[in-house]
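**Student:** Attaching a single structure in C-alpha cells format; questions to follow.
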Amino acid sequence: MPEKRSTPIEISKDDFRKIGYMLVDKISNFIDTISENPVTPGESPAELNELLEDESLPDHGKSAEELLSSTADLLFEHSLLNGHPKFLGYITSSAAPIGAFADFLASSVNPNVGAQILSPVATEIEKQTIKWLAEFIGVSPTYGGILVSGGSMANFTAFVAARTKIGPEKIVEDGIENQSMKLVVYCSKATHVWIEKAAFLFGLGSNSIRWIETDANNSMRLDVLEKTIKEDLDNDYKPMMVVGTAGDVSTGTVDNLKGIAAICKSHDIWFHIDGAYGLPAIIVPKFKHLFQGVEEADSIALDPHKWLYSPLEAGCILVKDKKHLNASFNSYPEYYNYSKNQNGSFHNYYEYGIQNSRGFRALKVWLGLQHVGKNGYLEMIRQDIELSELMYNLAIEHPELEAVSQNLSITTFRYIPIKFNSNTPYLNMLNEALVDDLQKGGEVFLSNAIVKNKYCLRGCIVNFRTSENDINELIEFVVERGRKLHGQFQEN
C-alpha cells in the first residue's frame, strides 16, 4: 500500500520550491519595474477575451509551472496597475509587498476564521489586529470588531447592529415591518452608495434615507440635520442612525463629527462614522483636529486596503460595544460544536458578522502594521497629503488649469483652455472626455468628481510609490492631452 494518496492536485516539495522561486522572481521583477509599464493597457473586453483562448473547460490538467508562468505574464501585461506611481484614481492603494507574502502564507495554512477551534492562532491575530486598528485611530482598544471584505461590508455590518439596537425589541425573531416602526437614517448627500444598498437589503427601503444638505465645503449641515430629526420625531418616525463621513470619496471632506456626536447623544441615535478612506489621516498631528468626536462613535468603518496600503480585500468594522454585533449575528445550530471548552467561551467570529466561513484577512493587516510601525504610516500618509497639496498648487499656478478642491489626499481640478469662460457647459464635456482619454491612455490614471456642478479631474493619492516628479509630469501630461482634445473638438 502506498504511504500517500496520489492525486492530480498535489505538488511535490521539490516542484513547489522550484515553481515558487520562479514565481517570486517574476513578481519581484514586476514590482521593481512597475513604473516602466503603462498604468493600464486600455484594451477592450473583446481583446482580452481573445487572450484566454480555450472556450471550454479542459478535460485534462496542465503543468502547474506552465500555468503559473503564463498567468503571471497575463496579469502583469493586461491589468490596471494600481501599484503604479501614476495611478491616482479611486481609492485603491498601492499594495504593501508584505501583504503578498501574507496572503501566500495565509492560503497555505488556510484557516477558517469563522470559529476559534478552526483557527486557533488566526483568531487571536485578528483580535489583536482589531485592537491595534482601534489604537491607530485613537479610540479605546476595547472596541470590538471584525475584518470584512471592504468598506461597504463594514458599513453594512454597522447598519445591522444599529437596526438591532434601535429597532423593534424582537427584531431578530420577528423581523422588521418598517411601515409600522418607521425607522429612518440620516446622511449627507456626499455619502457613499453603500447607504442605499443597506436601506434596501436590510428592510428599511430607500425612502427611509434622509439626505442632508452639505455646505460649500461638502460637509453635512448640522442645522439641517437637527431640524430634520425633530420633524421626523414630530411625525412619529424613529431615528435609527446618523452617518458621519470621515473623508468623502469625491473631495475628501470630513464632516463635523463632534457636532454629529452631540446631536446623536441628545436624541439617543446610533452614531456611525464611515471612515473607510480618510480616517487614517488622524495619525498626522496637523490633521487630528478634523476628526474630533471619533471616540463618541457607536461604530466606525475603516478600510486597511485603502490608506493603510493593504492588498485587497481588507475592511474593518469597529463597534464601541461588541455585544451589539453578537446580538445581530449570533446563531447556535446543533451541528456547531464551537462554543466552549474547559477554559471557557471561544471567540467565534461567525457570531459577529455576516460570514460563517472566513478567510484570514487579518494576517496581511497585522503583518503590515508591524512591518511599517505607527511612525512609518504617519510619514507615508503625511507625504501623500503633501503630494495632493502640490497637485492643487500646481493647478492654481497653471494658466490652463482650475484648482477646485483639496482635502486630505484628494485634489480636484479641471482643464480650461485659455480665453474660455470657466462657466461654459462646454468645459464639463471637455473634462469628461479628458478623463476618459487619460484612463485609456496608460500614462496616468485619474478619476472624476462633480464639485459645485463642475466636472472635474480627481486625483486621490494613497500610493507610497508616487513622488513629486510623478505629480509634475502628471500636470504636464494633463495639459498636453487637454490641448489636443480641445483642438479636436474645435475642428469638429
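**Student:** Compute for the stretch 153-220: radius of gyration divided by Kirkwood radius, i.e. Rg/Rh, restricted to C-alpha atoms, rounded to two decimals.
**Tutor:** 1.01
**Student:** Mean Kyte-Doolittle of at least -0.5 and a Cα length of 30 Å or more along the axis: which whole DSSP H helices of the chain meet both?
**Tutor:** The answer, listed by residue number, is 362-397.
**Student:** Let me ask something else about it. Take the alpha carbon atoms of the stretch 290-324, find their center, do the same for the stretch 162-217, and report the distance between the two centers in whole angstrom.
**Tutor:** 20
**Student:** For a quick check: with amide H placed at 1.01 Å from N, whose amide H comes under 5 Å from Y186's, ignoring anything fewer than 5 positions away on the same chain?
**Tutor:** R210, M241, V242, V243
**Student:** Further question on the same structure: Could you tell me the distance between the Cα centroids of the stretch 344-396 and the stretch 71-91, to the nearest Å?
**Tutor:** Centre-to-centre distance over Cα atoms comes out at 20 Å.
**Student:** Please calculate the 1.4 Å probe accessible area of D321, with all protein chains present, and give it to the nearest 10 Å².
**Tutor:** Rounded to the nearest 10, that gives 60 Å².
**Student:** Then there is this: Mind listing the long-range amide H neighbours of I273? Cut-off is under 5 Å, sequence gap 5 or more, other chains count too, H placed in the peptide plane at 1.01 Å from N.
**Tutor:** G244, S299, I300, A301
**Student:** Rolling a 1.4 Å sphere over the protein heavy atoms, what is the accessible area per residue of the chain, to the nearest Å²?
**Tutor:** So the chain comes to 50 Å² accessible per residue, rounded to a whole number.
**Student:** So, one more: Based on C-alpha coordinates, I'd like the Rg and Dmax of the chain, in Å.
**Tutor:** My reading of the Cα-based Rg and Dmax gives 24.8, 86 Å.
**Student:** Give the carbon-plus-sulfur fraction of the accessible surface of the chain in %, rounded to a whole number; probe 1.4 Å, heavy atoms of protein chains only.
**Tutor:** Looking at the chain in its full context, I get 50 percent from C and S.
**Student:** Moving on to the next point. Could you give the C-alpha radius of gyration of the stretch 93-203 expressed as a fraction of 2.2 N^0.38 Å, taking N as the number of residues it contains?
**Tutor:** 1.35
**Student:** Hey, can you grab everything whose amide H is under 5 Å from the amide H of T253? Only 5+ residues off in sequence or another chain; H modelled, so Pro and N-termini drop out.
**Tutor:** Correct list: D248.
**Student:** Does the stretch 452-492 classify as rounded, prolate or oblate by the C-alpha gyration tensor (a ≥ b ≥ c root eigenvalues; a/c under 1.5 gives rounded; else a/b over b/c gives prolate, otherwise oblate)?
**Tutor:** oblate
**Student:** Oh, and also: Need one word for the stretch 23-106: rounded, prolate or oblate. Basis is the Cα gyration tensor (sqrt eigenvalues a ≥ b ≥ c); a/c below 1.5 gives rounded, then a/b vs b/c decides.
**Tutor:** Oblate shape, in that a/c is at least 1.5 and b/c is the bigger or equal ratio.
The values are calculated or read from the model by the stated rules, or taken from the named source; none is laboratory data. Source: prediction; values computed, not measured. Keep in mind that these areas ignore ligands, DNA and RNA; they rest on the heavy atoms of the full protein, side chains included. Shrake-Rupley method; radii C 1.70, N 1.55, O 1.52, S 1.80 Å.
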